[in-house]
Amino acid sequence: MKYAFRHLLLGLLTIFACSSSALAADLKEIQQEIEQGKAILIDVREEDEWKEAHLEKAILVPGSEIASGDHNEKILAKLKAEAKPEQKIYCHCKSGGRAKLTARLLGKLGVEVIPITETYQEMLQAGFKPAEPK
C-alpha cells in the first residue's frame, strides 16, 4: 500500500511539475561541465529504476524521498558532501517531470538545482554514458 501511495503521489506531483516552465540546458554543455568537475548530476528516479540502468557519474537521490519531506536533512547533507559550493547541481529523471519537481522542492530548501528536461534516452543519444552494471 505504501508503495502504491508513493507512486500515486509522485504521479500527481509530476503532472503538476510538468505545467511549470523550465529552461532546457544544452546537454553537451552539461556533459562538459560534469566531466570538468564544474557540476554534478543527481538522478531523482527511484532505486529500482537506478538499479536497472543509470548514467556514469550520476548520484542517486530518489525524488520520492525529497517529495515526502521525511529525509530533508539527510538529503541536504548528501548534496553538501557531493557538491562543492562552486559546482552546479543538475538533476534528471526518465522524462523530465520529476527533475522539474525536485529542482523546485530543493529550491525551497535553499539548494539551487537545474532540471534536465530531456528524457533519459535523449541524454544517452547526446553522449551521456550508461554506468557499467555491477
Review point. Looking at (1) part of a strand (DSSP E or B); (2) open to solvent by 60 Å² or more (accessible area, probe 1.4 Å), which is the one condition that is false for E122?
Key: (1)
Review point. How many residues does the stretch 100-114 hold that are open to solvent by less than 20 Å² (accessible area, probe 1.4 Å) and touching a helix residue (DSSP H, G or I) at 6+ places or on another chain (Cβ under 8 Å)?
Key: 4
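Every residue, every condition in (1) aromatic (F, W, Y); (2) modelled with pLDDT of 95 or more; (3) more than 11 Å from the chain's Cα centre (by Cα), yes or no:
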residue: G63; (1), (2), (3): no, no, no
residue: I66; (1), (2), (3): no, no, no
residue: L79; (1), (2), (3): no, no, yes
residue: C91; (1), (2), (3): no, yes, no
residue: K108; (1), (2), (3): no, no, yes
residue: K134; (1), (2), (3): no, no, yes
Practice item. Within the stretch 57-71, identify whether any single residue is acidic (D, E) and in contact with a His (Cβ under 7 Å, 6 or more places away or on another chain), and answer yes or no. Key: yes
Practice item. Write out, first by first residue and then by second, each pair whose Cβ atoms fall under 6 Å of each other, whose residues are 6+ apart or on separate chains, and whose first residue, in the stretch 117-130, is at negative phi while the second is part of a loop (DSSP other than H, G, I, E, B). Key: T117/A22; T117/A24; T117/G96; T119/S95; Y120/K94; K129/E56; P130/A53
Check your understanding: Where residues in the stretch 44-81 are among the basic types (K, R) and more than 25 Å from Q121 (Cβ to Cβ), which of them is least open to solvent (accessible area, probe 1.4 Å)?
Key -> K78
Exercise for review: Restrict the check to the stretch 82-90 and report whether at least one residue is within 26 Å of Q125 (Cβ to Cβ) and surrounded by 20 or more Cβ atoms within 10 Å (Cβ to Cβ).
Suggested key: yes
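The values are calculated or read from the model by the stated rules, or taken from the named source; none is laboratory data. On a predicted model such as this, the values are computed, not experimentally measured, just so you know. Counting neighbours? That spans all protein chains shown, and the Cβs are built from the backbone with ideal geometry, glycine included. To get the accessible areas, we keep the full protein, side chains included, count just its heavy atoms, and leave off ligands, DNA and RNA. Shrake-Rupley method; radii C 1.70, N 1.55, O 1.52, S 1.80 Å.
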